[in-house]
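The values are calculated or read from the model by the stated rules, or taken from the named source; none is laboratory data. This one's a predicted model, so the numbers in the text were calculated from it and none came from an experiment. Here Cβ is always computed from backbone atoms with ideal geometry, including for glycine, and neighbour counts include all displayed protein chains. Surface accessibility is based on the protein's heavy atoms, side chains included, excluding ligands, DNA and RNA. Shrake-Rupley method; radii C 1.70, N 1.55, O 1.52, S 1.80 Å.
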Amino acid sequence: MSDSTDRAHLRRALQLARRGRYRASPNPMVGSVVVKDGVVVGEGYHRQVGGLHGEAEALERAGSAARGATVYITLEPCNHHGRTPPCSQALIDAGVARVVACHDDPNPPAGGGFGRLREAGIRVDRGELGQEAARLNWRFLTALRWQRPAVTLKWAASLDGKIATATGDSQWISCPASRRWALDERETHDAILVGSGTVLADDPRLNRRLNRARRPNVRVVIDRRLRMAPAARMLSEPGEVLVYAAHRVGAERADPERVGLLEARGATVVLGEDVTPAFVLADLFARGVRSVLVEGGGEVAAAFVAAGLFDRVATVCAPMLIGGHQALGPLGGAGVERLAEAPRLDAVRVRRRGDDLLIRGFRERCLPDLYASVGV
């Protein structure tokens, strides 16, 4: 087939893969198209973890027409028996003639699918759109590459860069369309993280409301001094709540009674010597969390920026002016002393959401490093 034909089928496979964005985690999103004699005979995508992988679903739909066909996949087929059998073997058993995939699978237990197919006499080609496919799965690839959850920093700010007035009033800076986008972001991340200041000021539920994800999100609170109230609304929501607190702040030790009260309400209190972003992300990764949406406040976001432990920034800029020296900005902390030290973003995209501007970008060098990890 021509390069343009391959590209068109791979683009369709990427469209299919994206349908799994709410339920595939911790697996990657995968889409697949089976083509026989120029006709699409099967399509599929990985609908949810534990279910059929994209290529397995496409082969099932193609049936006997898969023999001698070309199969387009968004990434290298898996070569191990995890929750489901290896897709490399499914392709071999189906008798396909050719496999075209966007990029390698960098996950050591699952990799090797290309080699297994070639051993079975199947032609294997790495197709185009490798960068597009890697960007689609940036959360999955980031967690693999750096062995920590992928981190998105999210906030809504006025045109003059304020996330609340001097009195703390912040609802609502963004318009309804932007707030719906923000809820969708919650659906595509495993966990939502805030600081104790946000909990005390807003008493948020931090829940998923669009009912698109497979399970409730993990809610994370960085609360070094255990100031969070046991009556906090998020503790009444289904799903896990993790509270990270310090063993000791100055001469004051963590109060066992407060720990007990929070845990009696269903929270898990994790005590550490130094509750840094690195400590929190390492613990979350060990618990199976592969992506985190940091929603606030300014001091928490600044801590992740200062540590270099963020991958993506997603912000709403609203057409309003708040002003005031005491009004809150999205990033607290000491900040940088020189502009040359300021972290920059790559691959920035801007679009309208109602009256607001939605601005998204990746940490400098994040995407190139991910592309290199999958051979594109």
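Summary table below
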quantity	calculated
Dipole magnitude of the range 223-376 about its Cα centre (Cβ charges: Lys, Arg +1; Asp, Glu -1), debye to nearest 20	400
Gyration tensor (alpha-carbon) shape descriptor, the range 1-130, a/c threshold 1.5	rounded
Segment His325-Arg18, extension gain: residue separation times 0.36 nm, minus the distance between their alpha carbons	106.2 nm
Angle in degrees between helix 3-18 and the longest Cα principal axis of the chain, rounded to the nearest 10	40
Correct choice for mean projected area of the Cα convex hull in nm² that was computed from the model, options (i) 22.3; (ii) 20.4; (iii) 18.2	(ii)
Residue-by-residue Karplus 3J(HN,Hα) for the range 69-78, coefficients 6.51, -1.76, 1.60, Hz, glycine and proline x	8, 9, 10, 9, 9, 6, 8, 3, x, 5
Accessible area of the range 223-327 belonging to carbon and sulfur atoms, whole % at 1.4 Å probe	53
Point-to-point label distance, Asp93-Ala264, nm (Cα→Cβ direction, 7 Å offset)	5.4
Förster-model FRET efficiency, 22 Å R0, Trp172 and Asn211, C-beta, rounded to 0.05	0.50
Positive-pole candidate from Leu14, Phe285, Val300, dipole of the chain, charges at beta carbon	Leu14
Three-way shape call for the range 148-256 based on the alpha-carbon gyration tensor, with the a/c threshold at 1.5	oblate
Contour minus Cα-Cα distance for Asp37 and Asp203 (0.36 nm per residue)	53.9 nm
Per-pair calculated FRET efficiency, R0 = 35 Å: Arg7 and Arg233 via Cβ, rounded to 0.05	0.10
Exposed-site-free run, longest, the chain (rule: GluC sites (Glu not before Pro); DSSP loop; at most 11 other C-beta within 10 Å)	1-272
Dipole in debye (nearest 20) - the chain, about Cα centre, beta carbon charges: Lys, Arg +1; Asp, Glu -1	740
Unit charges at the beta carbon, dipole of the range 107-219: most positive-side option, Gln147, Thr165, Leu193	Gln147
Listed residue (Leu59, Trp138, Gly95) projecting farthest to the positive dipole end of the range 31-172, Cβ model	Trp138
Glu60 versus Val336: modelled label distance in nm, points set 7 Å from Cα along the beta carbon direction	4.9
Dipole magnitude of the range 21-148, debye to nearest 20 (Cβ charges: Lys/Arg +1, Asp/Glu -1, about Cα centre)	360
Value at 222 nm in deg cm²/dmol, rounded to 500, when DSSP H runs of n ≥ 4 in the chain each add -39,500 (n - 2.57)	-8500 deg cm²/dmol
Separation in nanometres of the label points that stand 7 Å from Cα toward Cβ, at Ala307 and Arg180	3.5
